[in-house]
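Since the structure comes first, as structure tokens, the remarks are kept for the end.
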Amino acid sequence: MASKPSLKRRTLKLVRKTFGDRSALELGGRSLRNVVKFRTGSPIERRDFYAVRNGSGERFGVFGIGGCDVTAITGAGPLLSRAHRGTLCVGSFAKADHVRSDLLVQTLDPPDPAVTREVVEKLGLIDHYFSPALFDPTFRVPDQQGLGEFPKNVVVLSISADTARTVYRHREHGFLVDPGGWWLTTDMATVLDDLSVTKWFAKNFVTARRISLEDSMANFERIITEVRKRTGAFVVLMNVLTVDPGSSSLDYMHANSPHRVRRREFHLAVAELAARTNVALLDVDRIAKETGISRQADFVHYTPDQKRRMSEQLARLLISEGVIGNGRG
């Protein structure tokens, strides 16, 4: 006989039935619950962040920015909390449509808000899409203001968006935007009945060329320089998987797909960039292959086992480099 749902689940079901999924009431309740857990020393574990308060020691923050691949870093939270006598937050706070390197560089000299306001509104972009949030010295967990600010002791960057994302250039003002999949989360009947946004976008934007390897690496070199200068953070670069999940190809010589070749070129270039700029490299390509890629859905959605290995490697890296622990916390 199946057990009855808990009071917590029944309450959540009632709230969602009455106010809808992810209503202000639900999100506010979750935020309050997390503040209570945080203040009593219980860890908060979510897909996009891990936070815990270990006594009254210094705050330590690991700020990841990238697509779905970067969420793997949050698993390092429990391991890092053992090495840090203080408050800790590890999180991935961006989506793939915000983080192509030319979009990040653009925020260092952002377009006029009066010009971009209509774009943010029509495409449903986050309010700080064009602001240099990556380069701020501190961060907060979105929708979790009660946890307070954390310093960016570590910044984790991924190159995956540069290998695959398409961006668009404003015909008149020249700024770039990645509209993401906003229409995919909207009722299709609504989208088809009102094509005004689609027509507006076609009128005002033109597809920008795929970012070149040279431009991408130049952008990342500038990003690394600015992050270090403005935050003092220890920088970690994540590379990309170089073979198709589930592919039967055993030798790179027989993998002639342009997309595979492009990913291989970026994989090699980012290793050279890491050596040249003296940043740490989290080799997700090697880790994913050692763990096995046959169960992956695509290049950037890793299995739980792969994520665990990646988070363990990140924690070992930060501890071995003396970035956390060894008396620093």
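Inside the range 20-35, can you point out the residues that are in a helix (DSSP H, G or I) and of a type in the set (S, T, N, Q)?
Once the filter is applied, which keeps residues that are in a helix (DSSP H, G or I) and of a type in the set (S, T, N, Q), the range 20-35 yields Ser31, Asn34.
Can you tell me which residue within the range 281-329, out of those that are under 17 Å from the mean Cα position of the chain (by Cα) and charged (D, E, K, R), is farthest from Gly55 (Cα to Cα)?
Only one residue tops the list, namely Asp298.
List every residue pair whose Cβ atoms lie under 7 Å apart, where the two residues are 6 or more positions apart in sequence or sit on different chains, the first residue falls within the range 294-308 and is surrounded by 16 or more Cβ atoms within 10 Å (Cβ to Cβ), and the second residue, located anywhere, is basic (Lys, Arg).
These pairs meet every condition: Thr303/Arg295.
For the range 149-175: of the residues being polar (S, T, N, Q) and assigned to a helix (DSSP H, G or I), which is nearest to Ile224 (Cα to Cα)?
Ranking the qualifying residues of the range 149-175, first place goes to Ser160.
Which residue pairs have Cβ atoms closer than 7 Å, lie 6 or more positions apart in sequence or on different chains, and pair a first residue in the range 159-170 that is within 17 Å of Arg260 (Cα to Cα) with a second residue that is of a type in the set (Gly, Ala, Ser) and in a loop (DSSP other than H, G, I, E, B)?
Ser160/Gly66; Ser160/Gly67; Ala161/Gly66; Ala161/Gly67
Applying the selection to the range 52-72, what residues are at pLDDT below 95 and among the aliphatic types (A, V, I, L, M)?
Correct list: Val52, Ile65, Val70, Ala72.
Take Thr186 and tell me if it is farther than 15 Å from Asp97 by Cα and at pLDDT 90 or above.
no
Looking only at residues that are in contact with a His (Cβ under 8 Å, 6 or more places away or on another chain) and small (Gly, Ala, Ser) in the range 278-329, which one is farthest from Val236 (Cα to Cα)?
Here the answer is Gly329.
If I ask for residues that are in contact with a strand residue (DSSP E or B) (Cβ under 7 Å, 6 or more places away or on another chain), in a loop (DSSP other than H, G, I, E, B) and without any contact (Cβ under 8 Å) to a residue 40 or more places away in the chain, which ones from the range 36-82 would you list?
Matches in the range 36-82: Gly41, Pro43, Asn54.
Can you find even one residue in the range 279-287 that is out of contact with any Ser or Thr (no Cβ under 9 Å at 6 or more places or on another chain), without any contact (Cβ under 8 Å) to a residue 12 or more places away in the chain and under 29 Å from Gly57 (Cβ atoms)?
Within the range 279-287 (the criterion being out of contact with any Ser or Thr (no Cβ under 9 Å at 6 or more places or on another chain), without any contact (Cβ under 8 Å) to a residue 12 or more places away in the chain and under 29 Å from Gly57 (Cβ atoms)), the answer is no, since none of the residues qualifies.
How many of the residues making up the range 247-282 are modelled with pLDDT under 95 and assigned to a loop (DSSP other than H, G, I, E, B)?
Qualifying residue count for the region: 8.
The values are calculated or read from the model by the stated rules, or taken from the named source; none is laboratory data. Computed from a predicted structure; not experimentally measured. All Cβ positions, glycine included, derive from the backbone under ideal geometry; neighbour counts span all protein chains shown.
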